[in-house]
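Heads up: the structure comes next, in structure tokens.
The values are calculated or read from the model by the stated rules, or taken from the named source; none is laboratory data. Keep in mind the model is a prediction, meaning the values are calculated, not measured. Every residue, glycine as well, gets a Cβ built from its backbone with ideal geometry; the counts of neighbours run over all protein chains shown.
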Amino acid sequence: MKEQRVDEVEDQISKLPEPILHHFMGLLLAKDAARMSTLSKTWYAAWSSLPYLNFGDRFFYREVRGRWILSENIQELVHIVDQTLANRKKHKISVQKFWLKVPSSYRMSSSYVHNWIKILVTSNIKELILKVGESDSSFDSLPEELFVAEGLNILNLRGFKLELPLHHGIKFSSLRNLRLTDTYLDEKLVQDLCASCVCLEKLRLSCCRGLASLQIAASLLKLKTVWLCCLPELQIVDIAAPYLENVYIESQLWNLQVVKITCSKSLKTLYIVDVYVTDGWLKDLLVNQPKLECLSLSGCLKLQAIKISSDRLKYLALSWCLELIDVELETPNLTHFRCECDENLPTLKLMKASVFLVVELEFSLTNILDSHWYSVLMKFLGNFKQSKAIKLDCCGKNGIVIPKHMRENLVPPLYGTNTNWHIIFNTFGDCSLMDILDSLLWISPQIDTLTFVRESNLNSTLKFIYEDASAEGCLNSWNELFDYRRRKELHLLAGDDEEAIADIEKLLMVSLLFGAFKEV
Amino acid sequence: MASSSKTEQKKMLILKSSEEEEFEIEESIAVQSGTIKNMVEDDFTLIPLPNVDTETLIKIIKYMKKHGEKTKSNEKDIEEFDKEFVKKSFTELKELVLAANYLHITSLIDLLCQAFADRIKNKSVKAIREIFGIPNDFTPEEEAEVYEQHKWAHEEGKEHIDHSAY
């Protein structure tokens, strides 16, 4: 092994080409990169010519007893930024990336920020991340010069008001990625942005005010991803960009009334949260977007019946669509299905899905569960005979623990299949691991593996290995498990949850008759 | 010079480490390295790499093989691989970045830069000096001046400064 000595012969890292040193330093905060200037002359030069200035979110703030508050010496900090930019200008280094969070304009004069922006635009900045520290309902202004940053590729603004420049149009001809948070902008500005940002690929608007209607024009030919999150005044969205692939729309308190997506059959991912989309709307969308691979509908309270027939769909999530009654899926390539709901479980008909299907179920149950619930649940689970794994998180009462007296009237839905179960255990309320396992063994007698996860990442896996592959005899209870001692082996895979393993061990140790019992 | 063997219509190359050990690899995978690509264009099939030792070359080949089979569906798989790949000592990472630079494998250089950046974030200057093996070529006066210029960056504040070189 080579010795680590601080020796000139060994220092090959410093001899790496400067672009690589710059790339590396550009991944650090300015503070960390600046510190490296004291290492050696090479690193001093690398810092001085570093075109990436990540002052970061914390530059003007200090941590005091776990909270971040504004530093007292704002003037000093302003001076540091001024100096750093001035040094680069002096040595003709054009700053390519600049990231800084500033205090709001009533704590620090906005003239500093305006000045920095002007310098950066002259420097042909490519990536600009500028945020205002305090999130309140006021918006800070920006200098008009920002809008002539023709070299800008990535623009990330937070806490500002975007106003149309008086003296010239918007010139973001190279802008690829635009992210606006806590921003004020109006429809006219959006129109102008759509007209000028011909290279725009990704648009993200969060918590923006000023827009009642958002029209994303068809002129944005390169636009692939749109992300709209919590725009409190927004009522209408009309996305006409023709080659859109990914759309995420999260409404605020169901304010959004109309969602129109008219791209040409290019959509791959669609996430809708808290919008009153109807069955008809969804049907039309599925017809118009046959390439859809990923669909997530959350809080879509008007949906009642969903029918999807698609070769491309790989991921489907239905969360809290509380009025949903019927779901019919003919999706041979579906590898991931997620369902989150309360006691009103919809009827599911899974006509075709991939054998690699992983099912994720999350039930929030607050009422007392009756035989109707268990009956519906059994039918629901019966859809997953061919699936690879079922993950279950059952909040509330004993959702999965079927009382023994009810089992007489039900058929084990997963009889004859080797299911892999994955249970999140700590939320099971007042039933024990034994109850759950007992119930699961009834539901799924030829269970293959059972992994249970308790709080703080404790998880353990039980693997059931059946020596004879026949489905002869099923395990209706732990007692029967012991009876099949000669044919079956129970492997307890290494797990962190010692308490639970101890519980199981105790039960299993009841009979040495059980024979081969290995701890792996 | 060894002749290339055509296995299943895939052209193979032989990479030779600084310790003279030879490794066979598909050309289509090896050309992720700009350096190797250039040599292939000059009709080399035995590629000597005097700047890369065996241990490092094995890791690089592993990386190229994994990234050579990149498709749209296994993106996550490759992400996991990359995450595990950089869980190495600083010494190993250093050897890798030097080799990746010599071989012109851009994606690997990026991955390693990020790994370094993540790990030296809160390290003291002293620790970084040790990790990278950087000798101090400043005079004491020069060093003091540079320190003064960047005093703001050296303030300890409430952040934890890590002095260990691991």
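On the given criteria, is B:Val97 farther than 30 Å from A:Glu72 by Cα and facing another protein chain (nearest Cβ under 10 Å)?
For B:Val97, the condition - farther than 30 Å from A:Glu72 by Cα and facing another protein chain (nearest Cβ under 10 Å) - is met.
What tally of residues in segment A:141-185 results from selecting those that are part of a loop (DSSP other than H, G, I, E, B) and farther than 26 Å from A:Tyr106 by Cα?
Total satisfying the criteria: 15.
Please tell me if B:Thr71 is within 15 Å of the chain's Cα centre (by Cα) and among the hydroxyl-bearing types (Ser, Thr, Tyr).
Taking the combined requirement at face value, the residue does not satisfy it.
Can you give me the number of residues within segment A:29-44 that are in contact (Cβ under 8 Å) with a residue 12 or more places away in the chain and either aromatic (Phe, Trp, Tyr) or in a helix (DSSP H, G or I) (or both)?
Residues that pass the stated criteria total 6.
Inside segment A:50-65, can you point out the residues that are facing chain B (nearest Cβ under 10 Å) and in contact (Cβ under 8 Å) with a residue 40 or more places away in the chain?
Those that are facing chain B (nearest Cβ under 10 Å) and in contact (Cβ under 8 Å) with a residue 40 or more places away in the chain: A:Arg58, A:Phe59.
State whether one or more residues within segment B:52-71 are closer than 24 Å to A:Pro17 by Cβ, touching a residue at least 12 places away in the same chain (Cβ under 8 Å) and among the small types (Gly, Ala, Ser).
So far as segment B:52-71 goes, no, none of its residues is closer than 24 Å to A:Pro17 by Cβ, touching a residue at least 12 places away in the same chain (Cβ under 8 Å) and among the small types (Gly, Ala, Ser).
Could you run through segment B:112-129 and say how many residues are facing chain A (nearest Cβ under 7 Å) and either of a type in the set (Ser, Thr, Tyr) or crowded, with 17+ Cβ neighbours inside 10 Å (or both)?
Here the count works out to 6.
Please find, among A:Val376, A:Val358, the residue that is aliphatic (A, V, I, L, M) and within 27 Å of the chain's Cα centre (by Cα).
From the options A:Val376, A:Val358, the qualifying one is A:Val358.
Rundown of residues vs (1) surrounded by fewer than 14 Cβ atoms within 10 Å (Cβ to Cβ); (2) within 22 Å of A:Pro412 (Cα to Cα); (3) at pLDDT 95 or above, yes/no style:
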{"site": "A:Leu318", "(1), (2), (3)": "no, no, yes"}
{"site": "A:Val327", "(1), (2), (3)": "no, yes, yes"}
{"site": "A:Pro346", "(1), (2), (3)": "no, yes, no"}
{"site": "A:Val358", "(1), (2), (3)": "no, yes, no"}
{"site": "A:Leu361", "(1), (2), (3)": "no, yes, no"}
{"site": "A:Thr366", "(1), (2), (3)": "yes, no, no"}
{"site": "A:Met378", "(1), (2), (3)": "no, yes, no"}
{"site": "A:Lys388", "(1), (2), (3)": "no, yes, no"}
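Only one of B:Ile105, B:Ile109 is crowded, with 17+ Cβ neighbours inside 10 Å, aliphatic (A, V, I, L, M) and within 10 Å of chain A (Cβ to nearest Cβ). Can you tell me which?
Checking each option against the conditions leaves just B:Ile109.
Criterion first (under 32 Å from the mean Cα position of the chain (by Cα), among the small types (Gly, Ala, Ser) and modelled with pLDDT under 90) does A:Ser138 satisfy it?
yes
Mind checking which strands (runs of 3 or more DSSP E) fall wholly inside segment A:198-300 and carry at least 3 residues that are surrounded by 19 or more Cβ atoms within 10 Å (Cβ to Cβ)?
A:269-273
Determine, yes or no, whether A:Arg35 is surrounded by fewer than 14 Cβ atoms within 10 Å (Cβ to Cβ) and within 14 Å of another protein chain (Cβ to nearest Cβ).
no
If you check A:Asp7 against the conditions, is it part of a loop (DSSP other than H, G, I, E, B) and either modelled with pLDDT of 90 or more or surrounded by fewer than 20 Cβ atoms within 10 Å (Cβ to Cβ) (or both)?
Here the answer is yes, as A:Asp7 does meet what is asked.
Condition first: of a type in the set (A, V, I, L, M, F, W, C), at pLDDT 95 or above and under 30 Å from A:Asn87 (Cβ atoms). Can you find one or more residues in segment B:149-161 that meet it?
Within segment B:149-161, not a single residue is of a type in the set (A, V, I, L, M, F, W, C), at pLDDT 95 or above and under 30 Å from A:Asn87 (Cβ atoms).
Looking at B:Asp77, B:Asp43, B:Asp82, B:Asp110, which is the one that is free of Cβ contacts under 8 Å to residues at least 12 places away in the same chain and closer than 30 Å to A:Lys314 by Cα?
Checking each option against the conditions leaves just B:Asp77.
Return the total of residues in segment A:85-109 being polar (S, T, N, Q) and under 18 Å from A:Tyr61 (Cβ atoms).
3
Only one residue in A:Trp68, A:Trp99, A:Trp47 is within 9 Å of chain B (Cβ to nearest Cβ), of a type in the set (A, V, I, L, M, F, W, C) and either outside any loop (DSSP other than H, G, I, E, B) or on the phi > 0 side of the Ramachandran plot (or both), so which one is that?
Among A:Trp68, A:Trp99, A:Trp47, only A:Trp47 is within 9 Å of chain B (Cβ to nearest Cβ), of a type in the set (A, V, I, L, M, F, W, C) and either outside any loop (DSSP other than H, G, I, E, B) or on the phi > 0 side of the Ramachandran plot (or both).
Hey, among the residues in segment A:43-72 that are more than 29 Å from the chain's Cα centre (by Cα) and of a type in the set (Gly, Ala, Ser), which one's surrounded by the most Cβ atoms within 10 Å (Cβ to Cβ)?
A:Ala46
When residues of segment B:50-59 are filtered for being touching a strand residue (DSSP E or B) at 6+ places or on another chain (Cβ under 9 Å) and either in a helix (DSSP H, G or I) or surrounded by fewer than 13 Cβ atoms within 10 Å (Cβ to Cβ) (or both), how many remain?
Residues that pass the stated criteria total 4.
Would you please list the contacts, defined by Cβ atoms under 9 Å and residues six or more apart or on different chains, that run from a residue in segment A:289-316 that is aromatic (Phe, Trp, Tyr) to a residue that is in a strand (DSSP E or B) and surrounded by 15 or more Cβ atoms within 10 Å (Cβ to Cβ)?
Close Cβ pairs (under 9 Å, with a partner that is in a strand (DSSP E or B) and surrounded by 15 or more Cβ atoms within 10 Å (Cβ to Cβ)) amount to A:Tyr315/A:Thr269; A:Tyr315/A:Cys294; A:Tyr315/A:Leu295; A:Tyr315/A:Ser296; A:Tyr315/A:His336; A:Tyr315/A:Phe337; A:Tyr315/A:Arg338.
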